[in-house]
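The values are calculated or read from the model by the stated rules, or taken from the named source; none is laboratory data. The model shown is predicted, which means the values in this text are computed figures rather than measured ones. Neighbour counts are summed over all protein chains in view; Cβ atoms, including those assigned to glycine, are modelled from backbone coordinates with ideal geometry. Areas reflect the complete protein model, heavy atoms only, side chains present, ligands, DNA and RNA absent. Shrake-Rupley method; radii C 1.70, N 1.55, O 1.52, S 1.80 Å.
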Amino acid sequence: VRTALAVIGKGCLSAAFNCVFLFTTELYPTPIRQTGLGFGSTMARVGGIVAPLVKMMEEYYPFLPPAVYGVAPVVAAVVAAFLPETLNKPLPD
């Protein structure tokens with residue numbers, strides 16, 4: 001069960017990370033498109049920086065790292081499912 005949840009979490013994390021780059025360029029209007037992409041990329045990197053700190057919390061709360069590593073990617077993937085479809089639609093200007 002633990003391995004299955006890890007694989008599902010990793011898959012959802014990968015999907016959410018890819019959505020940042022795909023949807024950011026399509027959903028933001030042209031004047032703020034690069035700023036939005038930079039912000040999304042920065043937040044993704046901050047998540048990579050914070051990940052070892054979450055692992056260190058295992059010392060105090062043993063249930064916290066698996067919960068954060070498992071719940072956060074699944075929540076991000078579910079939220080990404082609600083993004084609007086952009087196929088054959090004009091980009092915002």
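Descriptive notes on the structure:
- In plain terms, the C-alpha convex hull of the chain casts an average shadow of 6.8 nm² when viewed from every direction.
- Residues in the chain average 75 Å² of solvent-accessible surface per residue, probe 1.4 Å, ligands and nucleic acids excluded.
- In order along the stretch 72-80, the phi-based Karplus estimate (6.51 cos²θ - 1.76 cosθ + 1.60, θ = phi - 60°) of 3J(HN,Hα) comes to 4, x, 5, 4, 5, 5, 5, 5, 5 Hz; Gly and Pro are listed as x.
- GNM top mover of Ala67, Ala76, Ala15 - the chain, alpha-carbon springs below 10 Å: Ala67
- Computed 3J(HN,Hα) for the stretch 17-25, one whole-Hz value per residue from the Karplus formula 6.51 cos²θ - 1.76 cosθ + 1.60 where θ = phi - 60°, is 5, 5, 5, 4, 7, 6, 7, 4, 6, glycine and proline marked x.
- Computed [θ] at 222 nm, deg cm²/dmol, the chain (DSSP H ≥ 4; -39,500 (n - 2.57); rounded to nearest 500): -25000 deg cm²/dmol
- Chymotrypsin sites (Phe, Trp or Tyr not before Pro) within the stretch 8-86, DSSP loop, no more than 11 other Cβ atoms inside 10 Å: Tyr60, Phe63, Phe82
- Rounded D (µm²/s) - the stretch 41-93, Kirkwood Rh over Cα pairs, Stokes-Einstein at 20 °C, 1.002 mPa s: 158
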